[in-house]
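Since every read-out is calculated from the coordinates, none of them should be taken as a lab result. Predicted model, so just to flag it, every value in this text is computed and none were measured. Every residue, glycine among them, receives a Cβ derived from its backbone with ideal geometry; neighbour counts consider all protein chains shown.
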Amino acid sequence: MTLHPVASHPVLLGAPRDMSGGGRPALLQRSDEDFIASTLDDLRSAGGRQALDALRAQATASDGALKLFHPVQRQFHLALIESWCDAPGAPRLDPARVISAGMVLRRIAGSARQGWMRSNGRVRGWVPLNRVGGDLADPLAAPRLQRTLTGVADIDRKLAGFALENADNRLDEHIISLYLAPPDVCADAAKTVFYGIVPTASSELSEAEPEFLPPGDDSFGPQSDAFLGHLPDALRGLGMRFPHAGETLTTAWLDESGDMQTFIQLLHQLGSEFDAFDGGDAVADLKSRLQAIRLPLVWREDDTVQRTVDAYTFLSQASALLLTRESVSAPEMPESWPAMETADSAALAQSLHSVMLARFKATKGREGRFDAPDARYVIRAFVRLKCPNGGPARIVWSDESPAFAIAPWYEGAGAPPVQIPLPDASDKNLLKALKPNVAFVVPPAMQGLLGGKAKDLMSGSGGFGVQGLSWICSFNIPVITICAFIVLNIFLSLFNLIFGWMFFIKICLPFPKLGNKPPPSP
């Protein structure tokens, strides 16, 4: 087949022309182990390409978008691209004209697109493409900068210096390699075909700070109804009566309902969500605001002035006694939490909100490439072509692929389940042959707990030992699996009473096994 130069006419990219898809990459779904070799072999003939067309990704998400799967689900996705000349006869592109080929995976953000960017050796995460010149701009910073130069050395040095002052001009979009099919495959197919693996999982993390809310969104700000509504009355600046006022705090009250549970919720929220008692410098402002709140104690006959305790001291002691069960002096229960002035309650809400944001950033961590569960993505391929007169290389883009979602790792993908044979627990000879192959080093405290009576453990009255020997306890992993399988079935039966999910998550099929022994006679 005649190969045409690229100077006199446009070059087109898309799915192989005898496969459906037009100018879009063809996205295949394969479950065979050596899927690249089998795909290349099918590309050689029209019949093989028709077979590949039937292997296009077809699963869909709830919104109708395509759904691709993780490698852990034993499904793999391959993009196929053909390049040809927009000239009479539509000849295939001469591979010698191609400097490089690749594709980019982009996230949909409304009507715009975001690219996974790097700069100066750091992962910048998802960045809007309008910051680098739009969807059709070169994905690499160096070629983009090259196109702005004049060819005059002194002027170009100054232009480059000015351009690099803008951090966006240093951004490189992540490029997924496209590989040219071997020459004999292209010759048999009479096509210039590229292929590449579509990534659906990544360990890369953005170095950008995680966003609690999009910029300008104050729907969960410090004065929002949503934020204030999830706080107990005391933290919203409202008055609150304490149960058992004047009595010494005791763990015996933990099981009480009503006002006591409201008080326990206050301790839980301050200690867990806001880390008010163990947060160190990060909660210094919150601590000082709680210390400024004076809680009145019950008036006694010999009192001459109103006794008070600051809220932080009392709440931290109560939390240590009731929640973390530390050995501390039990405080006296105050009479009430006073209502606060509007300015003071607003300042407390701001302090709580700031602590929550800091904890969110520490807990959420950096964003992964495919962390957003509802995100939709597209693939776009390109080839970089030599310029016949020695000028800058030019880039040619395909159309976008159909939008697709990435299925969560736990979702079934249609592949047969992995089978784990269990030993026959009734065969004592087999069990004797299962020698221990894993060992646990048990510290004295844990051994003291496990060595107690099972009845005490079930009732919650068991205790840790503090002295004694450490132990090494050896087990056989298949036996552990049998135990786990039995416990799993027990809990599934219990949860089925609540959720009614057994029909969906447990499917058991009988099958004959050669050599089955008849059951023993009674």
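Structure notes:
- Rounded if a/c under 1.5, otherwise prolate or oblate - the chain, Cα gyration tensor axes: oblate
- Taking the centroid of alpha carbons for each part, the range 200-277 and the range 299-315 are 26 Å apart.
- Each peptide among 204-212, 78-86, 251-259, 266-274 gets the average number of other Cβ atoms lying within 10 Å of its residues, and from highest to lowest they stand as 78-86, 266-274, 204-212, 251-259.
- The sum of -39500 (n - 2.57) across all DSSP H runs of n ≥ 4, divided by the residue count of the chain, sets its helix-only mean residue ellipticity at 222 nm to -8000 deg cm²/dmol.
- Listed peptides 12-21, 413-422, 294-303, 317-326 by packing density, highest first (mean Cβ within 10 Å): 12-21, 317-326, 294-303, 413-422
- Spatial offset of the range 365-401 relative to the range 24-53 amounts to 22 Å, using the alpha carbon center of each.
- Relative contact order of the chain, pairs being alpha-carbon contacts under 8 Å that are 6 or more residues apart, as %: 18
- Efficiency of FRET between GLU33 and THR324 - r from beta-carbon atoms, R0 51 angstrom, step 0.05: 0.45
- Sequence of VAL378, VAL438 once ranked by neighbouring C-beta atoms within 10 Å, starting from the fewest: VAL438, VAL378
- The packing ranking, built from the mean of other Cβ atoms within 10 Å per residue, places the peptides 473-484, 101-112 in the order 101-112, 473-484, highest first.
- Taking Cα atoms only, the orientation of helix 342-364 departs from the longest principal axis of the chain by about 50 degrees.
- Where the Cα pairs of the range 225-364 fall when distances are cut into 5 Å bins, in %: 2, 9, 19, 24, 21, 14, 8, 2, 1, 0, 0
- Helix 153-164 axis, angle to the chain major axis (alpha carbon atoms, nearest 10°): 30
- Taken about its Cα centre, the chain carries a charge dipole of about 2140 debye when Lys and Arg each add +1 at the Cβ and Asp and Glu each add -1 at the Cβ.
- Think of the chain as a dipole: +1 on every Lys or Arg Cβ, -1 on every Asp or Glu Cβ, centred on the Cα centre; then among GLY115, SER177, PHE475, SER177 lies furthest on the positive end.
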